[in-house]
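Everything on this sheet refers to the single structure shown next.
The values are calculated or read from the model by the stated rules, or taken from the named source; none is laboratory data. These figures come from a predicted structure and were not determined experimentally. Cβ sites come from the backbone with ideal geometry, for glycine too, and all protein chains shown count toward neighbours.
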Amino acid sequence: MNATILIVDDDASIRKGLSLVLHDKYAVITAANGSEAIALFQRERPDIVLLDVGLPEIDGVEVLQQIKQNDPNAAVIMVTAVEEVKTIVKAVKLGAYDYLVKPIGSQELLLTIQHALENKDLKNQIKSIQQSSINKYKVEMIGNNATVKDSIAIAGAASKSSETPILITGESGVGKGVLAKIAHYNSREVPGPFVTVNCGAIAKDLVESELFGYERGAFTGARADGSKGRFEEARGGTIFLDEIGAMPLAAQVKLLAVLEDRVFYRIGGSRQIKVSARIMAATNKDLESAVGSGEFRSDLFFRLNVVRLDLPPLRQRPEDILLLTKHFLEKFNAKFSKNFKDVSPEAQAFLLDYPWPGNVRELRNTIERITLVENSNTLKLEHLRVLDAQKQDKTNGLTSKIVENELDYNEVTKNLIKETMKIAGGNVTEAARLMNMPSYKLRYRIKKYGLNNQLN
């Protein structure tokens with residue numbers, strides 16, 4: 001559909017001349033004064049406004065101000081008979097996209113409008129991408145639990161300061177990474193990269209080079225051209241230090257200095273590098289106890305603990321268990337083309353009674369497995385037999401029950417592999433990706449369960 005251009009000028013001949021130039025490419029509406037222009041803008045919402053500065057009664061700059069109050073994203077091109085620097089500067093400060101000086105050439109007019117439309121379209125795309133990113137992570141942090149709601153609200157507020165560290169605590173699987181992403185995507189109009197570093201997964205002698213990078217020849221085996229660290233990769237965005245409690249003491253000293261001074265040096269380097277990333281950290285450890293035992297520096301703990309968000313385990317959020325179950329059913333119904341609509345009363349009771357040692361992650365994985373393997377419109381108690389096996393093992397440890405459920409588990413695993421291989425079109429690599437495991441493990445299980453002939 002053609003863009004709409006609103007021409008605002010008290011000179012009828014100018015309105016007519018501009019309309020003739022534009023009518024082949026755009027839908028054109030006109031206004032002869034400021035009051036008419038404001039009313040037309042509110043009613044028609046044009047894509048571009050060509051606004052004369054020298055209007056009677058209400059001048060163009062005041063009209064611009066009212067249009068911007070009505071719609072801060074409005075694209076307005078000012079038109080002036082004389083290139084008055086003060087007026088132009090004021091209009092630009094109020095949000096005018098550009099200005100044209102009369103008499104206006106046809107080519108200049110068309111080119112300026114084209115650029116204004118492209119600029120507006122780009123801003124809309126960026127806003128759409130940003131909003132979809134925010135929504136993506138907000139929808140994953142679902143819950144009516146008061147503590148969870150408070151954590152989300154505080155994360156959003158704290159994200160407005162790029163230099164305030166955020167510490168997120170909670171058991172594995174409660175959603176610490178998701179909460180960090182919510183804070184990140186609420187932080188800026190166009191957030192920079194979100195860089196995750198798992199401090200527990202890096203060899204102790206490599207933590208500093210991983211975080212801060214190194215220069216050529218800094219140590220044996222260093223790349224000839226040096227290397228950026230994760231802090232530099234996160235420039236303008238967020239660095240998320242997961243499992244911060246596992247960070248070696250030597251690296252803790254350097255991280256504290258970075259938090260205090262907002263600068264660092266690569267290993268073997270002499271050039272000071274400014275930190276432009278927000279720092280967030282997460283842990284499933286009791287850091288206060290770690291401080292007491294000397295495993296974690298007290299000064300670093302207090303520096304990180306400026307804004308603290310504690311996420312409760314799922315067993316302490318009973319009001320959220322069924323809510324999350326239904327959310328994950330909808331998510332995986334769409335992914336696997338299934339139609340689970342309800343949860344039976346017996347299944348609901350089991351879900352509420354189960355202790356969920358793996359928290360939200362365990363619930364998510366359980367629902368994903370069920371929707372992939374089973375064909376039903378109701379989640380039933382029998383679908384939860386693997387969890388029931390784990391529960392029975394923990395509560396009474398009956399050997400016969402364990403053996404019986406181990407057989408059930410093997411059947412569920414076989415069915416899971418068969419269904420996943422169908423979805424992946426027989427491609428083991430793709431099936432392994434869907435099942436979140438290395439392909440060599442999937443090949444081993446296919447062989448173990450004697451499924452080679454059944455999958456051909």
Checked against (1) under 28 Å from the mean Cα position of the chain (by Cα); (2) among the hydrophobic types (A, V, I, L, M, F, W, C); (3) farther than 30 Å from E243 by Cα; (4) buried (at least 19 other Cβ atoms within 10 Å of the Cβ), L379 satisfies every condition except (1)
It is to be established whether one or more residues within segment 270-281 are among the hydroxyl-bearing types (S, T, Y), within 30 Å of the chain's Cα centre (by Cα) and at pLDDT below 95.
yes
Is it the case that L351 is surrounded by 17 or more Cβ atoms within 10 Å (Cβ to Cβ) and out of contact with any Asp or Glu (no Cβ under 9 Å at 6 or more places or on another chain)?
yes
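For V428, are the conditions met, namely being modelled with pLDDT of 80 or more, in contact with a helix residue (DSSP H, G or I) (Cβ under 6 Å, 6 or more places away or on another chain) and within 30 Å of K176 (Cβ to Cβ)? Give the steps one after another, and end with the answer.
Numbers: modelled with pLDDT of 80 or more: yes; in contact with a helix residue (DSSP H, G or I) (Cβ under 6 Å, 6 or more places away or on another chain): yes; within 30 Å of K176 (Cβ to Cβ): no.
No.
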Can you find a residue in segment 57-68 that is farther than 23 Å from Q125 by Cβ, in contact with a strand residue (DSSP E or B) (Cβ under 9 Å, 6 or more places away or on another chain) and touching a residue at least 60 places away in the same chain (Cβ under 8 Å)? no
When every residue in segment 45-66 that is within 19 Å of T4 (Cα to Cα) and among the charged types (D, E, K, R) is compared, the one surrounded by the fewest Cβ atoms within 10 Å (Cβ to Cβ) is R45
Being within 26 Å of R317 (Cβ to Cβ), crowded, with 16+ Cβ neighbours inside 10 Å, at pLDDT 85 or above and not aliphatic (A, V, I, L, M): is that true of E368 here?
yes
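For (1) surrounded by fewer than 18 Cβ atoms within 10 Å (Cβ to Cβ); (2) not assigned by TED's automatic domain parsing to the domain that holds T420, each residue gets a yes or a no:
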position: F302; (1), (2): yes, yes
position: D320; (1), (2): no, no
position: K326; (1), (2): yes, no
position: K331; (1), (2): yes, no
position: N339; (1), (2): yes, no
Scanning segment 171-187 residue by residue, those assigned to a helix (DSSP H, G or I) and within 17 Å of N198 (Cβ to Cβ) turn out to be K176, G177, V178, L179, A180, K181, H184
Contact list, first residue from segment 74-88 and over 18 Å from I5 (Cβ atoms), second anywhere and at pLDDT 85 or above and among the polar types (S, T, N, Q), beta-carbon distance below 8 Å, six or more apart or interchain, is T87/T80; I88/T80
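Filter segment 73-118 down to the residues that are outside any loop (DSSP other than H, G, I, E, B) and acidic (D, E), then identify the one that is surrounded by the most Cβ atoms within 10 Å (Cβ to Cβ). Step through it out loud before you land on a result.
So in segment 73-118, the residues outside any loop (DSSP other than H, G, I, E, B) come out as 75-80, 85-93, 98-101, 106-118.
Next cut, acidic (D, E) only: 98, 108, 118.
On the way: D98: 16, E108: 12, E118: 10.
The extreme case among them is D98.
So that you can scan it fast, the table gives a plain yes or no per residue for (1) in contact with a Lys or Arg (Cβ under 7 Å, 6 or more places away or on another chain); (2) at pLDDT 85 or above:
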position: W356; (1), (2): yes, yes
position: N377; (1), (2): yes, yes
position: L381; (1), (2): no, yes
position: Q390; (1), (2): no, no
position: T399; (1), (2): no, no
position: I402; (1), (2): no, no
position: L407; (1), (2): no, no
position: N415; (1), (2): no, no
position: A424; (1), (2): no, no
Checked segment 28-61 for anything of a type in the set (V, I, T) and not in a helix (DSSP H, G or I); matches are V28, I29, T30, I48, V49, V53, I58
